[in-house]
1. Under the Karplus relation 6.51 cos²θ - 1.76 cosθ + 1.60, θ = phi - 60°, what is the ordered set of whole-Hz ³J(HN,Hα) values for region 223-228, x standing for Gly and Pro?
2. For region 126-251, give the magnitude of the charge dipole about the Cα centre (Cβ charges: +1 Lys/Arg, -1 Asp/Glu; no others), in debye to the nearest 20.
3. Provide the packing ranking of 222-231, 93-102, i.e. peptides ordered by the mean count of other C-beta atoms within 10 Å per residue, highest first.
4. Subtract the Cα-Cα distance of Lys157 and Leu38 from 0.36 nm times their separation in residues, and report this length gain in nm to one decimal.
5. What figure, in Å² to the nearest 10, do you get for the accessible area of Trp41 with a 1.4 Å probe and non-protein molecules left out?
6. By per-residue mean of other Cβ atoms within 10 Å, what is the highest-first order of 312-325, 167-180?
7. Take Glu31, project a point 7 Å from its Cα along the Cβ direction, then tell me which residues of region 285-322 have their backbone nitrogen under 14 Å from it.
8. Between 0 and 90 degrees, rounded to the nearest ten: what's the tilt of helix 182-191 against the longest Cα principal axis of the chain?
Amino acid sequence: MSGTPERFAPRGPLGFGGAPLGNMFNRVDEETAEGALLAAWESGIRYFDTAPMYGAGLSEHRFGRVLRRFNRDDYVLSTKVGRLLSPDPKAPENLGPFIGVMPFRASYDYSADGARRSIEDSLQRMGLARIDIAYIHDVAEDHHGPGWKEVFATAMKGAARELTRLRDEGVIRAWGLGVNRVEACQRALEESDPDVFLLAGRYSLLDLSALDTLFPACAARGVKIVVGGPYNSGLLAGGTTFEYAEAPPEQVAARDRIAALCQKHGVDIRAAALQFCAAHPVVASVIPGAKNASRVHQNAELMRQPIPASFWQALKQEGILPAHAPTPGK
């Protein structure tokens, strides 16, 4: 849109989401983690996203071990602020969905000092001198409950202002939120000056929450979106979970309607899920998680698979997608 500022954002339809390499739900050994990251590079992926929360630093540690081999100017790297890690030999082995984590305790800190320290700590864990994008992590209702707006206000006065300063100083190139809820992103647009949002699960074949609310607002401001959770935690990839829990019957039924049209048109539902997310003009990248090299290569192939226009037309004719939803080739 003319008149909007040019903001930094990842480029390329496919990125690498780092949560699985923090031992999300299952342990991943070092060799497998390294293989997944190297497969991403071999597949042409040049955007990598991680966070301190992913395995209490484990994902960042693994990212740095591999990414240090490559020219730093050849890829985009993002991590997150909002939690600080403190060493503790008695820290629990599990941290939320992450198992076998590193010996650190995580605590929320959305202050300005906390944001700066979090970035410094992340750089130490990765052994790198800079990150490109810092996302304020999980500053939404799903993590903080009914009082989330107070936490959000603290983040806007603290972390958001500090990240804006760091961007202006050239320490980082961009900042935004890394969340699972549209409302937090909308409030951030109203109250601050973000560049890009990592929004998980709210723009997919099963959930269009962001289409008519957040996306137009982002387009007006020149803000980009990184789509996380394009498979809605597995339901669109042959699994049974939605929002990291057993999928409710209505979501299973919605998935089955899409799967039936996929079968009719000879389309892999996973390819449809990825390519639909990438087709919207405000989307800079789509970052499915992957735990091994074969899954990484598979995602790259799915993003390239031809999908007939008749399939997208059928989704709209059946009312699964609204007529104005951007689809590949449009």
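1. 8, 9, 10, 9, 8, x
2. Its charge dipole is roughly 460 debye.
3. Values: 222-231: 25.2, 93-102: 17.4.
Descending packing order for the listed peptides: 222-231, 93-102.
4. 39.0 nm is the gain from fully extending Lys157 to Leu38.
5. Approximately 40 Å² of Trp41 is accessible to the 1.4 Å probe.
6. Ranking the peptides 312-325, 167-180 by packing returns 167-180, 312-325.
7. Within reach of a label on Glu31, which here means backbone N under 14 Å from a point 7 Å along Cα→Cβ, region 285-322 contributes 293.
8. So the helix axis and the longest Cα principal axis differ by about 60 degrees.
The values are calculated or read from the model by the stated rules, or taken from the named source; none is laboratory data. These figures come from a predicted structure and were not determined experimentally. Neighbour counts run over all protein chains shown; Cβ positions are idealised from the backbone, glycine included. Protein only, heavy atoms only, side chains kept; ligands, DNA and RNA dropped before computing areas. Shrake-Rupley method; radii C 1.70, N 1.55, O 1.52, S 1.80 Å.
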